[in-house]
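S.K.: Once you've had a glance at the structure underneath, I'll fire off some questions.
The values are calculated or read from the model by the stated rules, or taken from the named source; none is laboratory data. All of these numbers come straight from a predicted model, not from anything done at the bench. Cβ coordinates were reconstructed from backbone atoms using ideal geometry, including for glycine residues, and neighbour counts include every protein chain displayed. Just the protein is used for accessible areas: all its heavy atoms, side chains included, with ligands, DNA and RNA removed. Shrake-Rupley method; radii C 1.70, N 1.55, O 1.52, S 1.80 Å.
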Amino acid sequence: MAAPPGIAPRWPIPTNPPVNDPILFAKAMRDIRLTWRARGVLAELATGYDDGQEPTISALAGLTRQDRSAAEGREAFSKAVKELRHVGYLVPDASTSTGVGERLLVDLTPAADAHLVPDHWGRSAAEEGR
């Protein structure tokens with residue numbers, strides 16, 4: 001859901017296209033090691049923010065119920081971030097002053113080894129040469 005008219009977002013709308021490799025991004029979005037929720041968080045964080053304009057994890061987790069509208073709550077978001085960190089899609093930014101990785105950087109390297117669902121939907125035996 002979009003914010004009501006006249007209410008500006010808390011951070012800029014991305015003006016740059018994602019800089020990530022589109023093949024790795026597609027594989028990450030289909031990586032069955034991740035829940036759908038985690039894939040959504042990864043898509044949000046990988047969506048072409050200008051350098052230094054990316055929302056921090058605490059800014060996203062701290063959105064009020066009204067601000068996040070239909071988005072899931074803090075606990076669900078935190079679980080998704082932990083999942084992404086565990087698989088390696090989010091890594092702490094070494095320049096974070098607190099040293100706790102408030103700003104997490106997207107790393108799509110794990111997508112090279114993504115676990116993908118076998119492609120056997122929508123194909124008949126005749127199409128597959130059986």
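S.K.: Pull out the extension gain between ALA26 and VAL91, defined as 0.36 nm times the separation in residues minus the alpha carbon to alpha carbon distance; nm, one decimal.
M.R.: 21.5 nm
S.K.: Amide H of LEU90 versus every other amide H placed in the peptide plane: which residues, excluding those fewer than 5 positions away on the same chain, fall under 5 Å?
M.R.: Result for LEU90 returns ARG85, ASP107.
S.K.: Mind checking the per residue accessible area of segment 29-100 for me, 1.4 Å probe, whole number of Å²?
M.R.: Value for segment 29-100: 59 Å² per residue.
S.K.: Could you tally the net charge around VAL81, taking each other residue with its Cβ under 13 Å from the Cβ of VAL81, Lys/Arg +1 and Asp/Glu -1?
M.R.: +2
S.K.: Nearest 0.05, what FRET efficiency do ASP113 and SER69 give at R0 = 30 Å with Cβ-Cβ as r?
M.R.: 0.30
S.K.: If you don't mind, there's one more thing I want to ask. With the full set of protein chains in place, find how many percent of the accessible area of segment 34-99 is carbon and sulfur; take the probe as 1.4 Å.
M.R.: 51 percent
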